[in-house]
Amino acid sequence: MAFELAFEPLILSVEAEAVETQPDGYILHGADVQLRHPFGATRFYRHGWQSWSPTLWVDLRQPPVAPLPVERRPQMDDPALLARAQHSGSGVGALEGAGGQVLLLGALDLDAIVWADTQTLNGHRRGESGRWFIAYGDEETVFAAYAARLSAAFGAQVRRAAPRVWCSWYGLYTRITQDILYAVLDDLSGLSFEVFQVDDGWQLDMGDWEANAKFPAGMEALARHIRAAGLTPGLWMAPFIVRPSAALYRDHPEWLLRDADGDPVPAGHNWGGPYYALDSTHPGVQAWVHERIQQALDWGFTYLKLDFLYAAALPGVRHTPMPREAAYRAALQAIRKQMGPESYLLACGAPIFATLGVAEGMRIGPDVAPYWDNEERSRLLHDTSGPGAQNALRTSLHRLWLKPLIHTDPDVVYFRTRFNLLSPEEMTPLQALAHIAGFKATSDLPQWLSAEERSQLAQFLEASPTVTRRGRYVYDLDGAMFDFEPLL
Ligand code: 9PG
């Protein structure tokens, strides 16, 4: 049915099943909704599916985000989004209108996409029907109104400030050992971190979540050591992916998510080969994930960074047929419940919408790196989902409107100049973004820091500047202005 929406002075016509007028916009009903817009070749807010997926304003005259080779698509974005010819985003999309106004169309359900061309703005939901919020006005106002609607639909998890985290990844990568981490713990004393998070490198394999030979005393001893240093033990796991080299892959082929031909669904390509998704609706997988999470909790880790979560929401044939984001959300909810109210869940590589209201924190951009950009991947492959400070900054900046819903983690910041190609002009904006996003973390090894750098880190951890947004990319932190636009 056709309806007219009045957005003074605009009247827009929309195809939907039903329309409800609201003080801050309209609610549309229907699996498919279509609006005609008068903005022509304007810019589109393209919202990527999971943490690392490209999220930015794009020009409708330019081609849509180019997909990576098929085996790497899931780690970039929803493969179904990347296969589309139109400018498409996950859950929400927006167009720049006249005089700095923005027209936003956002789903209030999971498993939804928004796409646009020079004449239409469209919503499509995989499911029987759908609910959508549409608003036109000042950018900050319409995104805030949408965030409030999402909070009502999915719940918000913001109960306390995000913890200050030391994370092993961006300093040591997989080269962590028990002895190195014990030494780092000693050197961190005097800095006001709250969480010491052990990242990738402790486990036998993706799928075999037991300590490897670099942790001879075991994970329980490590957690005890961290707690004795006055910090909360944190641990990285990727519970829904498995590598072919893992014992799990050989022991339980029936647990893999499979496509219509019966082949395992690849979740990406890393660590020198493909890795596969587990079917989180399979009772065997559910029992196994429960055991793995319980083991981490029993070891004493009460902060879990769960990664590559999108794998549980990839297209595939499931043991229990259900929409794929709903399948992932149910699995994450089971984990969240098991963790109890005192433990912290940081979701990474996570489908954004399906994680809201479940996890306390979520990575909202791709990985930072001790360099600004990987020219080859960004320029030649046109992939902005890869590691690099610029990619991380860009995507995270475009997701800050999620702040009322969840702790928004823009990834770690740097203070070290050792083993780091970033200039001060690149490091300072990352630090500012951490204050703006409200999530502070670093991977700098204390022994790498000069006395001056260590004191900058100490100040960063203790500061909580008042943040005022002055424009899309302009923020005021206690009177200091940061304009991120030239960096994008
Ligand atoms: C550990 C890391 C860190 C990091 C996470 C995640 O192949 N990939 O496309 C790919 C993307 C991101 C990535 C690793 C691989 O990083 O974001 O913080 O925990 O895993 O392996």
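Results, tabulated for the structure shown:
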| item | result |
| --- | --- |
| Hydrodynamic radius by Kirkwood, which averages 1/r over all alpha carbon pairs of region 221-357, in angstrom | 15.5 Å |
| Surface share of carbon and sulfur [accessible, 1.4 angstrom probe, percent] for region 424-488 | 51 percent |
| Contact order normalised by residue count of the chain, Cα under 8 Å, 6+ apart, percent | 14 percent |
| Estimated inter-spin distance, T320 and A221, nm [label 7 Å along Cα→Cβ] | 4.0 nm |
| Two-site label geometry, A80 and Y473: point separation in nm, points 7 Å out along Cα→Cβ | 3.3 nm |
| Accessible-area composition of region 340-411, carbon plus sulfur, in percent [1.4 Å probe] | 56 percent |
| Inter-probe distance in nm under a simple model that places probes 7 Å from Cα toward Cβ, at Q447 and E254 | 5.0 nm |
| Crossing angle, helix 324-339 versus the chain [Cα axis fit, 0-90 degrees, rounded to tens] | 40 degrees |
| Relative compactness, the chain, computed as alpha-carbon Rg over 2.2 N^0.38 Å | 0.96 |
| Length released on extending from A183 to E210, taking residue separation times 0.36 nm less the Cα-Cα span | 7.5 nm |
| Rounded percent of accessible protein surface that carbon and sulfur make up, region 179-286, 1.4 Å probe | 50 percent |
| Over the chain: helical MRE at 222 nm, DSSP H runs n ≥ 4 each giving -39500 (n - 2.57), nearest 500 | -7500 deg cm²/dmol |
| Å² per residue, accessible surface of the chain at 1.4 Å | 38 Å² |
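The values are calculated or read from the model by the stated rules, or taken from the named source; none is laboratory data. Because the structure is predicted, anything quoted here is derived from the model rather than measured. Glycine also receives a Cβ, built like all others from the backbone with ideal geometry; neighbour counts cover every protein chain displayed. Accessible surface is based on the protein model in full, side chains and every heavy atom, while ligands, DNA and RNA are left aside. Shrake-Rupley method; radii C 1.70, N 1.55, O 1.52, S 1.80 Å.
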